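Inspection log for the structure reproduced underneath, given as structure tokens.
The values are calculated or read from the model by the stated rules, or taken from the named source; none is laboratory data. What you are looking at is a predicted structure, and each value in this text was computed from that prediction instead of being measured. Here the Cβ positions follow ideal geometry from the backbone for every residue, glycine too, while neighbour counts run over all protein chains shown. Remember, those area values only see protein heavy atoms, side chains included, never the ligands or the DNA or RNA. Shrake-Rupley method; radii C 1.70, N 1.55, O 1.52, S 1.80 Å.
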Amino acid sequence: PADPPPASRTRSPGREQDGGTLPGKTPRLEREDLAVLRSRLQRMKTLAQLPPIPAGTSAELRSRLESLRGLEQRLRDKAAGSGAGPHGTAGTVAEVAGGEKLPAYQRFHTLAQDLPPGLTLPYKYKVLAEMFRSVDTIAGMLFNRDETITFAKVKQGVQDMMRKQFEERHVGQIKAVYPTSYRLRQEKNIPTFGNGVKKSDYQLTLEPVLEEDEKVCGRPHLSASRLLERRKEFNRSLVNIVKQHHAAFLATLSPPMVVPEDKLTRWHPRFNVDEVPDISPAELPRPPQEDRITTAQEVLSTARGMMIPKMEKALANLALRTAEAGAGEPVVSKAPSPASTSNALKGVSQALLERIRAKEAQKLQALMTRDPRQEERLAMLGRLPAMARVLRNVFVAEKKQALTLEVACARMADSYPTQMTAGEMEKHLRLFTELLPDWVGIHAIRTDTYIKLDKHKDLGLITERLTKAAKEAEAL
């Protein structure tokens, strides 16, 4: 090979250096790369095709192979983003009318709440509750000023407050949830003050429904306390609607569950709150309209004898087809299908499955009707085994037989991984004395309260006793 040029010598870039190639000449490296790419594409096409089932297989093996082929095809469709997953996504309540999926912050709203579990509402129900509060606030101001409350005024005020679109269907939903909240009418000859609506046009008006005793200076008055009561009543109605869907969900389980609504404190773990169907709007009053011909049957009945026979026959055929299309629409059943035994459980005793399901249903029913104070106690009992080790380490580090309760709570709060206040830590220490009086004791001496711990006890036995107490409390 020739010697390389010296470092000081400069060369002008040629066709090989700047990536250019002569026309009609393809480098050998590029031809090899193209061949490798062609072979890879061919292998991918081959793998994308499902292998055929051999003709000599048995019926049982053939059915299993077909089920595996179907599963593989569903997985491929899901990976390709076609939306045809194992359970399907078309027609679910997580999609809007236009067919697009709702955003994730709406579909999984309840999972992102930093609140204790309870009777939480779906995102769309919370938005509707906030709309009702805004409507009540604006309507209360207009009503107390003796102004006519029109939908146009309320719409503009709600959109300014919430930064969300407010339509007549939302008024219908409010009417469906709380029927006695407003009295709706279509009125005309209402001053519009140049908002694009003629004075002679009909407008939807709202009037709050109040009791006879709610008067100030002889006329009805919507007070702040009444606004708060109406807001609470609206929220209770929303919770009752979700309870109805929850009861329907419990009836589809295997075995079915029945939980009294007055004892329900949280939803079933498998009940997806954010997939509750939207509220159907109530029918709003419409402005009176003149008789208008809208269907072929009306045209035929009105102008019978005034048209040529050919046109009359065409209208009759059109009216007949319209009636048949309306009668032939399939009725979609919204009732969920009953749970069926999975193929993975074939061969398992049916009696054993029923016992397991009954026991699981009993646990879930106890979970859904558990008192919040009992839930807090169970959470504290679950933390005690880890806290026992931390508490013993605090006493060993301090090298004392007793510590003031204030100092012990501060040391525990600093050492425990989860952040807690001194008051919360004191509750845990007092629970120690309640469950293990032979290990931890709290004594009030003069003006101070001291906590004493027996460091000679076996920590493994202490942890085992605390775990057993937590399991017993959870089983109740």
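Residue by residue, here is whether (1) in the same structural domain as Thr449 (by the TED database); (2) of a type in the set (Lys, Arg); (3) without any contact (Cβ under 8 Å) to a residue 40 or more places away in the chain; (4) not in a helix (DSSP H, G or I) holds:
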position	(1), (2), (3), (4)
Leu378	yes, no, no, no
Arg383	yes, yes, no, no
Arg389	yes, yes, no, no
Asn393	yes, no, yes, no
Lys400	yes, yes, yes, yes
Leu403	yes, no, no, yes
Asp414	yes, no, yes, no
Pro417	yes, no, yes, yes
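Scanning the range 455-476 for residues that are of a type in the set (A, V, I, L, M) and out of contact with any Pro (no Cβ under 6 Å at 6 or more places or on another chain) gives Leu459, Leu461, Ile462, Ala469, Ala470, Ala473, Ala475, Leu476.
Checked against (1) outside the structural domain of Val127 (by the TED database); (2) at pLDDT 65 or above; (3) hydrophobic (A, V, I, L, M, F, W, C), Ala282 meets all criteria but (1).
Pick from the range 453-464 the residues that are touching a residue at least 40 places away in the same chain (Cβ under 8 Å) and not in a helix (DSSP H, G or I): which of them is nearest to Pro372 (Cα to Cα)? If we take residues in the range 453-464 being touching a residue at least 40 places away in the same chain (Cβ under 8 Å) and not in a helix (DSSP H, G or I), then Leu453 is nearest to Pro372 (Cα to Cα). When the residues of the range 410-448 are filtered to those that are of a type in the set (A, V, I, L, M, F, W, C), closer than 18 Å to Glu376 by Cα and open to solvent by 30 Å² or more (accessible area, probe 1.4 Å), the one that is farthest from the chain's Cα centre (by Cα) is Leu435.
In this entry, Asn235 passes the filter for residues that are within 18 Å of Thr137 (Cβ to Cβ), assigned by the TED database to the domain that holds Phe271, at pLDDT 90 or above and open to solvent by 40 Å² or more (accessible area, probe 1.4 Å).
Of all the numbered requirements in (1) modelled with pLDDT of 75 or more; (2) farther than 21 Å from Met162 by Cβ; (3) open to solvent by 80 Å² or more (accessible area, probe 1.4 Å), Val36 misses one, and that requirement is (3). Can you confirm whether Thr467 is of a type in the set (S, T, N, Q), assigned to a helix (DSSP H, G or I) and either closer than 30 Å to Lys263 by Cα or open to solvent by 30 Å² or more (accessible area, probe 1.4 Å) (or both)? It is true that Thr467 is of a type in the set (S, T, N, Q), assigned to a helix (DSSP H, G or I) and either closer than 30 Å to Lys263 by Cα or open to solvent by 30 Å² or more (accessible area, probe 1.4 Å) (or both). Residues considered: Val177, Val197, Val158. Of these, the only one that is hydrophobic (A, V, I, L, M, F, W, C), open to solvent by 40 Å² or more (accessible area, probe 1.4 Å) and closer than 28 Å to Pro288 by Cβ is Val197.
Within the range 444-452, does at least one residue satisfy the condition of being without any contact (Cβ under 8 Å) to a residue 40 or more places away in the chain, farther than 20 Å from Arg373 by Cα and in a helix (DSSP H, G or I)? Can you show your working first?
Just the residues of the range 444-452 that are without any contact (Cβ under 8 Å) to a residue 40 or more places away in the chain, to begin with: 444-447.
Then drop every residue that is not farther than 20 Å from Arg373 by Cα, which leaves 444-447.
From the residues that got through so far, the ones that are in a helix (DSSP H, G or I) too are none.
No, that holds for no residue.
Among the conditions (1) β-branched (Val, Ile, Thr); (2) touching a residue at least 12 places away in the same chain (Cβ under 8 Å); (3) open to solvent by less than 70 Å² (accessible area, probe 1.4 Å), Val407 misses just one, which is (2).
Taking the range 209-231 as the range and being within 32 Å of the chain's Cα centre (by Cα) and either surrounded by 10 or more Cβ atoms within 10 Å (Cβ to Cβ) or not assigned by the TED database to the domain that holds Lys153 (or both) as the test, the residues that pass are Arg226, Leu227, Leu228, Glu229, Arg230, Arg231.
Check whether at least one residue in the range 236-244 is part of a loop (DSSP other than H, G, I, E, B), under 18 Å from Ala176 (Cα atoms) and out of contact with any Cys (no Cβ under 9 Å at 6 or more places or on another chain), and report yes or no. No, the conditions are met nowhere in the range 236-244.
Looking at Ala84, Ala97, Ala112 in this structure, which one is open to solvent by 70 Å² or more (accessible area, probe 1.4 Å) and at pLDDT below 70? Even if it seems obvious, please write down each step before you answer.
Working: Ala84 fails: open to solvent by 70 Å² or more (accessible area, probe 1.4 Å); Ala112 fails: at pLDDT below 70.
After ruling out the rest, the residue left standing is Ala97.
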